[in-house]
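**Q** First, the structure itself, so that you have it in front of you.
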Amino acid sequence: MAGTVFNCAHVNLNLEIPVFISNAYAQAAGGDTTASLMGLLPLLLMFVVLYFVMIRPQMKRQKEHKAMIEALSKGDEVSTGSGIFGKVTKLGDTVITVEIAPGVEVQMQRVSVAQVLPKGSVK
C-alpha cells in the first residue's frame, strides 16, 4: 500500500445502517370527527367530576366564611385559625380586637376567625 493515495472527495459511501425503529407514516387527511370527539369525552368527564368534587365545595366554603366574617358583631365569641378563643370587643374593616382573658385584648385580622361560637362558650 505504500504509494497509494486515496482521494476522499471522489469516494461515495452509500451505507445503509439497519435501524430497529419502524417508519412513521402520516394519516390520511379528513379523519372521522365523531372519533375525535369521543376521544375528548373522558377529558370532559374528568373536568366535570373535578368541578363537583373539588371546585364547587371550595367555592361554597369561601362564600360561607366571607358571610360569617361580614356578620361579626361586638360581643360574639369566636375561635381563630390558630386556636385562640375569645370575645370580640372592637370591630374594624380588616382588624378586630378579641379579649382572650380578663383585661387581655389581642388585635387580629378578620379573616383569621375560623368560627363563631355559641354564646357562653368562652369563660
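**Q** Identify all residues within the range 68-87 that are part of a loop (DSSP other than H, G, I, E, B), over 26 Å from the mean Cα position of the chain (by Cα) and among the hydroxyl-bearing types (S, T, Y); write none if there are none.
**A** Residue satisfying the conditions is S73 alone.
**Q** Follow-up question, since we're still on this one. Please pick out the residue among T94, T89 that is farther than 13 Å from L117 by Cα, in contact with an Asp or Glu (Cβ under 7 Å, 6 or more places away or on another chain) and among the β-branched types (V, I, T).
**A** T89
**Q** I'd like to check something: does the range 57-70 contain any residue that is in contact (Cβ under 8 Å) with a residue 12 or more places away in the chain and among the β-branched types (V, I, T)?
**A** yes
A short reminder: the numbers here are calculations on the coordinates, not readings from a lab. Since this is a predicted model, take the numbers as computed values, not measurements. Glycine also receives a Cβ, built like all others from the backbone with ideal geometry; neighbour counts cover every protein chain displayed.
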